[in-house]
Amino acid sequence: MEVLKIKSDFVSSVSHEFKTPLTSIKALMERLVDGKVRDQGKMDQYFSIIAQDTDKLTRLVNNLLDFSKIEEGKKEYVFSDTDIVRIATEQVQSFKREQLMNGPDIRLEIAGEIPTLRADADALSRALANLLSNALKFTPPGKAIRVGIGSDGGNVLLEVEDEGIGIHPDELGRVFEKFFQGRNALDQSVKGTGLGLTLVKHIVEAHGGKILVESRLGRGSKFSMVFPIKS
Amino acid sequence: MPKKILVVEDEPGIRLSLSDELESAGYQVFTAENGEKALAVAGREKPDLIILDLMLPILDGYEVCKKLRMRGDRTPIIMLTVKDKEIDKVLGLELGADDYMTKPFSLRELVARVKAVFRRTEEKPSNLDVYSFGGIDLDFKKFEASKKGKKLELTPLEFHMLKLFVERSGQVLTRDDFLDGIWGEDNVAVSFRTVDSHIANIRKKIEDDPSRPRHILSIRGVGYKFVE
């Protein structure tokens, strides 16, 4: 029964995650196609939201495919010399473009020289995108999200810190479990599939690294990905 | 004066396209991106209709609907939901929504539903303004109802359904009669189950024992009959 319920809840969540951006794109496109949007500024606003919703759908599909491969034990990573600063810069810029005018402020902080990592660049991008996407969901307008990169010579640290609603202390140990959604998120009707953090953990561990989480209820959360520097 | 509509939706694209479409159709539109703000705007602006998403931050759509009805606000509500299970729709209707639409929907259909709700809630010429039976007093003009002197919270749609019952007292009404008489030409997307849900709600409000109704009787295989 428990498995059936998890399956049913998951299908319902995924369906919700697909239908919401699809509804938005469909409605915006309907007005554009009908020639009801004439003002250039308004048109730009429509296209910008359509682009954001398309990005959301792309992330969702990627997460589902990755999750499926991981479950089947078929997920493979392609390692090459990777500039983690470039990845973080691109992701932060992409999420800033997605941001609405009154959304949280996203800042990128780079501490000193960051060495190149042997890593799967696409996977690292997705891990960071998942953390940023979560931070955005849980952080109200007017608050900030910080992406920090640093290195102690032996490791590279990539962290995402938000000023959002936080996670209940007794749930901190469960946030990386597949399908898990915290009750603070559910109370706030924040939507999700419960896969994002599971995938992030898998990606980090596939790189020999570890992921840490700290959170204070009502104050925010910090997810830190620590990658060992290997030759 | 244009009719006022409050759009409560947290997704920016849906909120923007909906409000632009409704403004193009001649309505004055207010927006809210969460349930708490929705209650505040509804209290301040007194909209003629609320379009309410179910999955909202802070306070979800069910809670908003419940709180509005509890404070005596009978503004018609069209619920927006991605949930397409019957139980979710029935729950929304039981909490006092007048109609619902499942995402993804077309804007044209939504505007048609909005117009339909306004047609239903606008006064229709009729000689029947007030009616009393079995301790229940109905004022169809003022949309006021009471049972044994105690105020009854009926939605505009429930008033219209009761009026149809009263006007055809003693006759058997089919679900199609309700679709034609209440939803009119906009009944394409309304199911028989929706009619049943609204009737169940009316029974809960007017009958002493809704499981053994005395006024709104089920006529097996046909529909319903109103008796005093």
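The values are calculated or read from the model by the stated rules, or taken from the named source; none is laboratory data. Quantities reported herein were computed from a predicted structural model and do not represent experimental measurements. Virtual Cβ from ideal backbone geometry, glycine too; neighbours counted across all protein chains shown.
Only one of the listed residues (A:GLY35, A:GLY112, A:GLY103) is of a type outside the set (Lys, Arg), in a loop (DSSP other than H, G, I, E, B) and closer than 21 Å to A:VAL190 by Cβ. That residue is A:GLY103. Between A:ASN184, A:ASN155, the distinction of being at pLDDT below 90, surrounded by fewer than 23 Cβ atoms within 10 Å (Cβ to Cβ) and of a type outside the set (Phe, Trp, Tyr) belongs to A:ASN184 only. For the range B:180-208, a tally of residues being among the hydrophobic types (A, V, I, L, M, F, W, C) and either surrounded by fewer than 19 Cβ atoms within 10 Å (Cβ to Cβ) or not in a helix (DSSP H, G or I) (or both) returns 5.
Filter the range A:19-35 for residues that are more than 9 Å from chain B (Cβ to nearest Cβ) and in contact (Cβ under 8 Å) with a residue 24 or more places away in the chain and give the result. Scanning the range A:19-35 gives no hits. When B:LEU56, B:LEU49, B:LEU39 are screened for being at pLDDT below 90, of a type outside the set (Lys, Arg) and buried (at least 19 other Cβ atoms within 10 Å of the Cβ), only B:LEU56 passes. Yes or no: A:GLY148 modelled with pLDDT of 95 or more and not in a helix (DSSP H, G or I)? Against the criterion (modelled with pLDDT of 95 or more and not in a helix (DSSP H, G or I)), A:GLY148 qualifies. Hey, among the residues in the range A:61-100 that are in a loop (DSSP other than H, G, I, E, B) and in contact with a helix residue (DSSP H, G or I) (Cβ under 7 Å, 6 or more places away or on another chain), which one's nearest to A:THR198 (Cα to Cα)? Checking each candidate, the answer is A:LYS75.
Kindly list, by first and then second residue, each pair from a residue in the range B:41-62 that is touching a residue at least 12 places away in the same chain (Cβ under 8 Å) to a residue that is among the hydroxyl-bearing types (Ser, Thr, Tyr) and not in a loop (DSSP other than H, G, I, E, B), limited to pairs with Cβ atoms under 7 Å and residues at least 6 apart or on different chains. Pairs found: B:LEU54/B:TYR62; B:LEU54/B:THR81.
Among the helices (runs of 4 or more DSSP H) confined to the range B:1-92, the ones with at least 2 residues that are more than 14 Å from chain A (Cβ to nearest Cβ) are located at B:35-45, B:61-70.
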